[in-house]
Amino acid sequence: MPADFPSVPVTRVVSGIQPTGNLHLGNLLGAILRWVKMQDDAPCFFFLADLHSLSEHVPAEVRRANIREMAAALIASGIDPAKSVLFVQSAVPAHAELCWLLNGTARMGWLSRMTQWKDKSGKNKEGASVALFDYPVLQAADILVYRPSHVPVGEDQKQHIELTRDIAIKFNTDCDVDLFIPPEPYIGGGTAARVMSLRDGTAKMSKSDPSDMSRINLIDDDDTIASKIRKARTDPDPLPSELEGLDGRPEARNLVGIMAAATDRSEQDVLRDFAGQGFGAFKPVLADALIALLAPIRSRLVELRSDAAALDAHLSDGAQRAREAAAPTLAAAKQALGLL
Ligand code: ADP
Ligand code: TRP
């Protein structure tokens, strides 16, 4: 278990990811590999948050393709559908149903203060979808319905987990029950919390960056990976021996962070190996490490993509198991509210 693991025992894990196309190294190191690591610690429920993706309009065929692509990427990266419960959110109606029940508990003021809502709705609050506003309540339902101990998420999701705790506590208090367990966020855990663009160490690696050179895609071939790393922006100084030496050097810090996450080491360990060396020496080793990590994932992804029926069978089995796990909590919530 990683050193930064929270002290509360891990008894059940839940997390979701929005099905977006064009997966990249940031998604892998920041989200997916973190899940893979948790599978041996406790029973895990992992889902594709297709209902959350409704907060923005996407054509149906694109959404369908994205869901399958993300499911294939999760399995290719090491999520084992026999071990973890892997499913699509909309196939388990208890998520949407509990969301509605929790809408009675969540306060307008709480949701108005969510950073994601403020950022994404921007100056056009009138034109934003209700789903974007209510997004954190659905996320609370996703979590609370399984009564997990931990929710592995990126740094940007911390506020949503805190809101989930607030909703759980208020529901329990209002209804005088001990139903919902306020969950712990689990951030970090040996994988990179934030992978930055290869062209700008201050911007997040993202599928929406117009430059393809800024990111490494899960489907990039070995030569493309090597070339993107070779051309990645750096500075002329050698690598320092201590982490503080990376202060003010965002590109250097990013490449060291990527190397650490890709080879499952600490950044300090990476610096111990490369202190005093320049990027001419570092980059080829980094490219090799990334190719060693990504090539097997890519070939499994290509295989899984070609068999939609097998993929759908995994998801349908996962949904069945998730429905069974969610049913008692939903029934208890209805009872606590006096629904017949
Ligand atoms: P994008 O920023 O490319 O649009 P998404 O917002 O769809 O990516 O993110 C999907 C998942 O991947 C989320 O869990 C998010 O926290 C994680 N993620 C995305 N980009 C990064 C990154 N650059 N570093 C770390 N994690 C990331
Ligand atoms: N909002 C999360 C993200 O953008 C995805 C998500 C939806 C989620 N429901 C969840 C994460 C429940 C953890 C638990 O990354």
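Observations
- Within a Gaussian network of the chain (alpha carbon springs, distance under 10 Å), most fluctuating of R272, R12, R34: R272
- The value obtained for segment 212-302, namely the Cα convex hull volume divided by the number of residues, is 83 Å³ per residue.
- Heavy-atom surface analysis with a 1.4 Å probe gives the chain a carbon and sulfur content of 53 percent of its accessible area.
- Proximal lysines to K118, defined as alpha-carbon separation beneath 17 angstrom and excluding residues fewer than eight positions away on the same chain: K158
- Sorting W100, W117, W35 by solvent-accessible area of protein heavy atoms yields W100, W117, W35, largest first, with a 1.4 Å probe.
- With N as its number of residues, segment 129-255 has a Cα radius of gyration that, divided by 2.2 N^0.38 Å, comes to 1.46.
- Helix-only arithmetic for the chain: the sum of -39500 (n - 2.57) across DSSP H runs with n ≥ 4, divided by the residue total, places the mean residue ellipticity at 222 nm at -15500 deg cm²/dmol.
- Placing unit charges on each Cβ (+1 for Lys and Arg, -1 for Asp and Glu) gives segment 1-124 a dipole about its Cα centre, and among L101, W117, V58 the Cα reaching farthest toward its positive end belongs to W117.
- Coordinate range along principal axes, alpha carbons of the chain, Å, largest first: 69, 44, 43
- Projected area averaged over orientations for segment 47-187, convex hull of C-alpha atoms, nm²: 9.3 nm²
- The alpha-carbon of K170 sits under 16 angstrom from the alpha-carbons of these lysines, leaving out residues fewer than 8 places away in its chain: K334.
- Each residue was assigned an accessible area with a 1.4 Å probe, and for S129 the value is about 40 Å².
- Charge dipole (the chain, unit charges on Cβ, about Cα centre) - positive-most of V137, F180, T329: V137
- L54 accessible area, 1.4 Å probe, all protein chains in place, Å² to nearest 10: 90 Å²
- Projecting label points 7 angstrom from Cα along Cα→Cβ for A327 and M213 puts them 5.7 nm apart.
- Nearest-20 debye value, the chain charge dipole, Cβ charges on Lys, Arg, Asp, Glu: 540 debye
- Amide H contacts of M196: M205, each under 5 Å away and 5 or more positions distant or on a separate chain (H built 1.01 Å from N in the peptide plane; Pro and chain starts excluded).
The values are calculated or read from the model by the stated rules, or taken from the named source; none is laboratory data. Just so you know, these numbers come straight off a predicted model, no measurement behind them. Neighbour counts are summed over all protein chains in view; Cβ atoms, including those assigned to glycine, are modelled from backbone coordinates with ideal geometry. Remember, those area values only see protein heavy atoms, side chains included, never the ligands or the DNA or RNA. Shrake-Rupley method; radii C 1.70, N 1.55, O 1.52, S 1.80 Å.
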